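The values are calculated or read from the model by the stated rules, or taken from the named source; none is laboratory data. Bear in mind that the values here come from a model prediction, so they are computed numbers and not experimental data. All Cβ positions, even for glycine, are placed from backbone atoms using ideal geometry, and neighbour counts span all protein chains on display. Protein only, heavy atoms only, side chains kept; ligands, DNA and RNA dropped before computing areas. Shrake-Rupley method; radii C 1.70, N 1.55, O 1.52, S 1.80 Å.
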Amino acid sequence: MSSGPSAGTSAGTPGAGGYAARAQLAALAADGSFLADWGLARGDLDAASARPAAVLVLFGVLDDLAADHDAQALAVAQDLDVLLLERAATLRSHAGQVAFPGGRAEDGETPVDAALREAVEETGLDTTGVEVLGTLAQLPMPVSNHLVTPVLGWWARPTPVRVVDVAESAHVFRAPVADLLDPAHRVTTVLRRAGRTWRGPGFEVLDGAGVPHLVWGFTAGILDAAFDRLGWTEPWDHAREREL
């Protein structure tokens, strides 16, 4: 399984399959019912004090390295990818987890403004190359008491990305979507806390340096829901569990 280029590398030229994916993602952004049945929140949100946040769900077809896996019926191009990062292990919230770039909105910021600003601060992204396709439904994240708006984007003109602040991120990488869809890389994650058990989708992926990562929780939930709605998901063994 291969992944996108390492920090500081340049990108290639989009393929026709990628442009088809852009059209599908744009339609998804316009689908007001998408994520309306979100059921992956862990715990109860304090709505009165919850703070707004946003994440950038950024797809593109800009990698030098394509996926090793041919997605089912070529549902996606091998060079289609999504930008992810691994949060620093020293953070108080969501330490060590793979996530989309993003964070808490500042006063007066729109979700789009917040998602793009955080992406710049975390990955060095040049936002002039990003086409915002739309915002998705606001989702509760009780564990950190945030209401998070995913911002769906298309990476029209690529720029290198990297870890900008080691206190915030440990890795920044681009994961080929076809590799995420590979049934061999799909797991059901199991989290047990205080006598309760939560199960959710998970993805095992290597970054461009060959470092393994587990995508789970909020980030995996959005990817899993998007892949299902877009018709990209391949049959996989939900009984294959990975304890957290």
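Taking GLU122 and the conditions (1) open to solvent by less than 20 Å² (accessible area, probe 1.4 Å); (2) of a type in the set (Asp, Glu); (3) more than 16 Å from the chain's Cα centre (by Cα), which numbered condition does it fall short on, given that it satisfies the others?
So GLU122 meets the others, but not (3).
Would you pick out the residues in segment 222-244 that are open to solvent by 30 Å² or more (accessible area, probe 1.4 Å) and of a type in the set (Phe, Trp, Tyr)?
Scanning segment 222-244 gives a single hit, TRP236.
Residues in segment 47-68 that are at pLDDT 70 or above, surrounded by 19 or more Cβ atoms within 10 Å (Cβ to Cβ) and part of a loop (DSSP other than H, G, I, E, B): how many?
First, the residues of segment 47-68 that are at pLDDT 70 or above: 47-61, 67-68.
Still in the running and surrounded by 19 or more Cβ atoms within 10 Å (Cβ to Cβ): 53-61, 67.
Adding the requirement that they be part of a loop (DSSP other than H, G, I, E, B) leaves 61, 67.
Number of matching residues: 2.
Return the residues of segment 157-175 that are closer than 25 Å to TRP236 by Cβ and either open to solvent by 30 Å² or more (accessible area, probe 1.4 Å) or assigned to a loop (DSSP other than H, G, I, E, B) (or both); say none if nothing qualifies.
HIS171 - this is the single residue of segment 157-175 that is closer than 25 Å to TRP236 by Cβ and either open to solvent by 30 Å² or more (accessible area, probe 1.4 Å) or assigned to a loop (DSSP other than H, G, I, E, B) (or both).
Out of the residues in segment 201-221 meeting the condition of being small (Gly, Ala, Ser) and at pLDDT below 95, tell me which one is least open to solvent (accessible area, probe 1.4 Å). Before the answer, list the steps.
Of all residues in segment 201-221, those small (Gly, Ala, Ser) come to 202, 208-210, 217, 220-221.
Subsequent filtering for residues that are at pLDDT below 95 retains 208-210, 217.
Values: GLY208: 41, ALA209: 80, GLY210: 44, GLY217: 25 Å².
Once the filter is applied, the top-ranked residue is GLY217.
Could you identify the single residue in GLY17, GLY43 that is open to solvent by less than 50 Å² (accessible area, probe 1.4 Å) and at pLDDT below 70? Steps first, answer last, please.
Details: GLY43 fails: at pLDDT below 70.
Being open to solvent by less than 50 Å² (accessible area, probe 1.4 Å) and at pLDDT below 70 holds for just one of GLY17, GLY43, which is GLY17.
Checking the structure you have, find out if any residue of segment 131-152 is open to solvent by 50 Å² or more (accessible area, probe 1.4 Å), within 29 Å of ALA36 (Cβ to Cβ), part of a strand (DSSP E or B) and among the acidic types (Asp, Glu).
yes
How about segment 26-46: which of its residues are assigned to a loop (DSSP other than H, G, I, E, B) and more than 15 Å from ASP224 (Cβ to Cβ)? Explain how you work it out, then say what you get.
Taking segment 26-46 and keeping what is assigned to a loop (DSSP other than H, G, I, E, B), we get 30-46.
Those that are assigned to a loop (DSSP other than H, G, I, E, B) and more than 15 Å from ASP224 (Cβ to Cβ): ALA30, ASP31, GLY32, SER33, ALA36, ARG42, GLY43, ASP44, LEU45, ASP46.
Among the residues of segment 147-163, are any over 28 Å from ALA41 (Cβ atoms), aliphatic (A, V, I, L, M) and out of contact with any His (no Cβ under 9 Å at 6 or more places or on another chain)?
Here is the first cut: in segment 147-163, the ones over 28 Å from ALA41 (Cβ atoms) are 155-163.
Among the residues that remain, those that are also aliphatic (A, V, I, L, M) are: 156, 161, 163.
From the residues that got through so far, the ones that are out of contact with any His (no Cβ under 9 Å at 6 or more places or on another chain) too are 156, 161.
Looking through segment 147-163, at least one residue is over 28 Å from ALA41 (Cβ atoms), aliphatic (A, V, I, L, M) and out of contact with any His (no Cβ under 9 Å at 6 or more places or on another chain).
Within segment 176-193, how many residues are open to solvent by less than 10 Å² (accessible area, probe 1.4 Å), out of contact with any strand residue (DSSP E or B) (no Cβ under 6 Å at 6 or more places or on another chain) and either farther than 21 Å from VAL57 by Cβ or assigned to a strand (DSSP E or B) (or both)?
1
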